[in-house]
Amino acid sequence: MYIFRNKLCFILILCTFYSYSQAYLVDFHKITTVPKENLNMIPGVIPVYDVDVYYILYHTTDAANNSVLASGAFMVPLTDSCNYFPMVSFQHGTVLRKADVPSRNNSEAVAGQLFASLGYVASMPDYLGLGDSPGLHPYLHTETEAKATLDLIRACRELMNDTLHISDNGQLFLAGYSQGGHATMATHKYIEDNNLNNEFKIIGSAPGAGPYDLSGAQAEMVFLNPAYPRQGYIIYLLFALNNIYQNLFTNPSEVLKSPYDVSIPPYLNGNYNMTQLNNALPDSLHEYLQDSIYQMILDYYTKTHPIWQDLALNDNYNWCPLAPVRMLYCQADEQVTYLNAINAQQAMQNNGATDVQAINLNTYGTHGSCAGPAILFMINWFHTLMTPCYFISNIETPQPPVLTLSPNPTNGCFSVDGLKKDDKISVFSIYGNLIMSKEIKNDDNHIFDLSHYENGVYIINIRRINATGVKFKLVKI
């Protein structure tokens, strides 16, 4: 079941509540079970398990650090012999249409399913602005790629611990291809820059064909190559960066010539795919960019136009990773130049990194033909580092607390039956405002009064010592 747009307004308000309660998981459901036979697609890789695929809706933050919802997919091996798994977070490549994402169980989800069939739990973010996240996707924006990825991992851990009664073993592997390579590098860097290594212990990071040197090698390929084959990427990037930094244009006609200033923006409404956008554009950017904007190409070496500032803010190649990194590329890639990986390797080694390699998988491989070999490399490399899944008998199975709330709806007062000493009850408005909080001092029924508050929906959050918390939605009429 998809979350349709007419439901998003309510859920977007509800997400503010989750930021107060420090929960990430908002909603989930199982999409399907994929038989292992359906995943037998890479020679030499034999799937072991059928895979349960889950839809996840979770809380994260946008580029302005505002609360927002995002969606993603979570894949779990279907087995009674394991309950303690290594985790892979796989970041998908460029998509334009909102529905072309892992949470819709389409082709983008296959990589995660394949890892799950080999004994990992696999997390796959849709990213902001895609799937059931509102607005325009902040394409190649480093910080939101990382935060959407990490907050989904947190939400998946909540689902595992509270509902599925399994756990990840603390080993985290990062992987992705194309934009997913950029997002993988962004996530790795964000973890180490923000000292999150204890929460996210990276065992290996394998970004493939990513534009890490966005303002350098990749910009040179895109802007200085008159035959660049994916003009839609340029539009996507210009509008996404402008949406974040608001420094490129205030009106599409300032950046696009007629008739493209009118015909192109609708392709960014979430209903069109990248092929459709590419087909709507001329073969060369000087044909559709205003001459003043086209001068940014001539500005490549002085880089005074704000586009260069925006691109540089989202470079993620010049740093010093502590965990092992394998940057995978094919030398004939026509969309993302292999120099991204070469430049990153050089910069990282100059910064003191000791376990970083740029690996050429095929001198003649293109962007499309390189994806399969890249995933095969990721699988084989991760298998040399991972601890195989196994069963732990002493993983605690959380018992659902016996709590009841009544009446619901209420005209003012309500009671909660089953509260224990040291439980804490908090009442939030639907806008996320805390209006009442109380620590329980004795075991008993407890009555709470909302008579002085306006009618509407309230969230009741109950925290319990050494037990799973409970949330209720209460309607006051």
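State whether one or more residues within segment 197-218 are surrounded by fewer than 19 Cβ atoms within 10 Å (Cβ to Cβ), more than 29 Å from ALA175 (Cβ to Cβ) and either within 27 Å of the chain's Cα centre (by Cα) or at pLDDT below 95 (or both).
Residues of segment 197-218 surrounded by fewer than 19 Cβ atoms within 10 Å (Cβ to Cβ): 197-199, 201, 203.
Applying the additional criterion that residues be more than 29 Å from ALA175 (Cβ to Cβ) yields none.
So far as segment 197-218 goes, no, none of its residues is surrounded by fewer than 19 Cβ atoms within 10 Å (Cβ to Cβ), more than 29 Å from ALA175 (Cβ to Cβ) and either within 27 Å of the chain's Cα centre (by Cα) or at pLDDT below 95 (or both).
In segment 243-254, what residues are in a helix (DSSP H, G or I), free of Cβ contacts under 8 Å to residues at least 40 places away in the same chain and of a type outside the set (D, E, K, R)? Outline the logic, then answer.
Initially, segment 243-254 is screened for residues in a helix (DSSP H, G or I), giving 243-245, 252-254.
Filter again for free of Cβ contacts under 8 Å to residues at least 40 places away in the same chain, leaving 252-254.
Passing the criteria: PRO252, SER253.
Which residue, of LYS303, LYS257, is without any contact (Cβ under 8 Å) to a residue 60 or more places away in the chain, surrounded by fewer than 18 Cβ atoms within 10 Å (Cβ to Cβ), outside the structural domain of ALA374 (by TED's automatic domain parsing) and of a type in the set (D, E, K, R)? Write out each step before concluding.
Working: LYS303 fails: without any contact (Cβ under 8 Å) to a residue 60 or more places away in the chain.
Every option except LYS257 fails the conditions.
Before we move on, is PRO77 under 24 Å from THR387 (Cβ atoms) and surrounded by 13 or more Cβ atoms within 10 Å (Cβ to Cβ)?
Working: under 24 Å from THR387 (Cβ atoms): yes; surrounded by 13 or more Cβ atoms within 10 Å (Cβ to Cβ): yes.
The answer is yes for PRO77.
How do the pairs read when you match residues in segment 359-383 that are assigned by TED's automatic domain parsing to the domain that holds CYS330 with residues anywhere that are modelled with pLDDT under 95, using Cβ under 8 Å and keeping only pairs 6 or more apart or on different chains?
GLY372/ILE42; ILE375/ILE42; LEU376/ILE42; LEU376/GLY44; LEU376/VAL45; ILE379/ILE42; ILE379/VAL45
Inspect segment 307-324 for any residue being surrounded by 17 or more Cβ atoms within 10 Å (Cβ to Cβ), in a loop (DSSP other than H, G, I, E, B) and of a type in the set (A, V, I, L, M) and give the result as yes or no.
yes
Go through (1) part of a helix (DSSP H, G or I); (2) under 22 Å from THR61 (Cα atoms) and name the single condition GLY232 misses.
(2)
Among the residues of segment 18-52, count how many are modelled with pLDDT of 85 or more and either assigned by TED's automatic domain parsing to the domain that holds VAL427 or assigned to a helix (DSSP H, G or I) (or both).
4
Where residues in segment 49-67 are hydrophobic (A, V, I, L, M, F, W, C) and surrounded by 14 or more Cβ atoms within 10 Å (Cβ to Cβ), which of them is farthest from TYR139 (Cα to Cα)? I'd like the intermediate steps shown before the answer.
The first filter runs over segment 49-67 and keeps only residues hydrophobic (A, V, I, L, M, F, W, C), leaving 51, 53, 56-57, 63-64.
Within this subset, residues satisfying the condition of being surrounded by 14 or more Cβ atoms within 10 Å (Cβ to Cβ) are 51, 53, 56-57, 63.
On the way: VAL51: 30, VAL53: 26, ILE56: 21, LEU57: 20, ALA63: 11 Å.
The extreme case among them is VAL51.
Is it the case that segment 462-470 has a residue that's modelled with pLDDT of 80 or more and either outside the structural domain of VAL26 (by TED's automatic domain parsing) or in contact with an Asp or Glu (Cβ under 8 Å, 6 or more places away or on another chain) (or both)? Before you say what the answer is, go through the steps one by one.
Taking segment 462-470 and keeping what is modelled with pLDDT of 80 or more, we get 462.
Those left that are additionally either outside the structural domain of VAL26 (by TED's automatic domain parsing) or in contact with an Asp or Glu (Cβ under 8 Å, 6 or more places away or on another chain) (or both): 462.
Yes, because at least one residue in segment 462-470 is modelled with pLDDT of 80 or more and either outside the structural domain of VAL26 (by TED's automatic domain parsing) or in contact with an Asp or Glu (Cβ under 8 Å, 6 or more places away or on another chain) (or both).
Could you tell me which of the residues LEU128, LEU114 is surrounded by 24 or more Cβ atoms within 10 Å (Cβ to Cβ) and out of contact with any strand residue (DSSP E or B) (no Cβ under 8 Å at 6 or more places or on another chain)? Give the derivation first.
Numbers: LEU128 fails: out of contact with any strand residue (DSSP E or B) (no Cβ under 8 Å at 6 or more places or on another chain).
Among LEU128, LEU114, only LEU114 is surrounded by 24 or more Cβ atoms within 10 Å (Cβ to Cβ) and out of contact with any strand residue (DSSP E or B) (no Cβ under 8 Å at 6 or more places or on another chain).
With the requirement that a residue be under 29 Å from VAL45 (Cα atoms) and in contact with a Phe, Trp or Tyr (Cβ under 9 Å, 6 or more places away or on another chain), what does segment 126-144 give you? Lay out the reasoning, then the answer.
At the first step, the residues of segment 126-144 found to be under 29 Å from VAL45 (Cα atoms) are 126-127.
Passing the criteria: only TYR127.
Residues CYS9, CYS15, CYS82: which one is of a type in the set (A, V, I, L, M, F, W, C), closer than 22 Å to LEU385 by Cβ and either modelled with pLDDT under 95 or assigned to a helix (DSSP H, G or I) (or both)?
Values: CYS9 fails: closer than 22 Å to LEU385 by Cβ; CYS15 fails: closer than 22 Å to LEU385 by Cβ.
Sole residue among the options that is of a type in the set (A, V, I, L, M, F, W, C), closer than 22 Å to LEU385 by Cβ and either modelled with pLDDT under 95 or assigned to a helix (DSSP H, G or I) (or both): CYS82.
Output the residues belonging to segment 260-294 that are surrounded by 13 or more Cβ atoms within 10 Å (Cβ to Cβ), more than 18 Å from PRO226 (Cβ to Cβ) and not acidic (Asp, Glu).
SER263, ILE264, PRO265, TYR267, LEU268, GLY270, TYR272, ASN273, MET274, GLN276, LEU277, ALA280
Mind listing whichever residues of segment 222-254 are of a type in the set (Val, Ile, Thr) and at pLDDT below 95?
First pass over segment 222-254, keeping only residues of a type in the set (Val, Ile, Thr): 222, 234-235, 244, 250.
Of everything in segment 222-254, just one residue is of a type in the set (Val, Ile, Thr) and at pLDDT below 95, namely VAL222.
How many residues, within segment 85-111, are of a type outside the set (Phe, Trp, Tyr) and either more than 30 Å from LEU277 (Cβ to Cβ) or outside any helix (DSSP H, G or I) (or both)?
Residues meeting the conditions: 17.
Which members of segment 370-395 meet the condition of being within 13 Å of LEU328 (Cβ to Cβ) and part of a loop (DSSP other than H, G, I, E, B)? Break it down stepwise before answering.
Filtering segment 370-395 down to residues within 13 Å of LEU328 (Cβ to Cβ) leaves 370-382.
Of everything in segment 370-395, just one residue is within 13 Å of LEU328 (Cβ to Cβ) and part of a loop (DSSP other than H, G, I, E, B), namely CYS370.
The values are calculated or read from the model by the stated rules, or taken from the named source; none is laboratory data. Nothing here was measured: the structure is a model prediction, and the numbers come from that model. Glycine also receives a Cβ, built like all others from the backbone with ideal geometry; neighbour counts cover every protein chain displayed.
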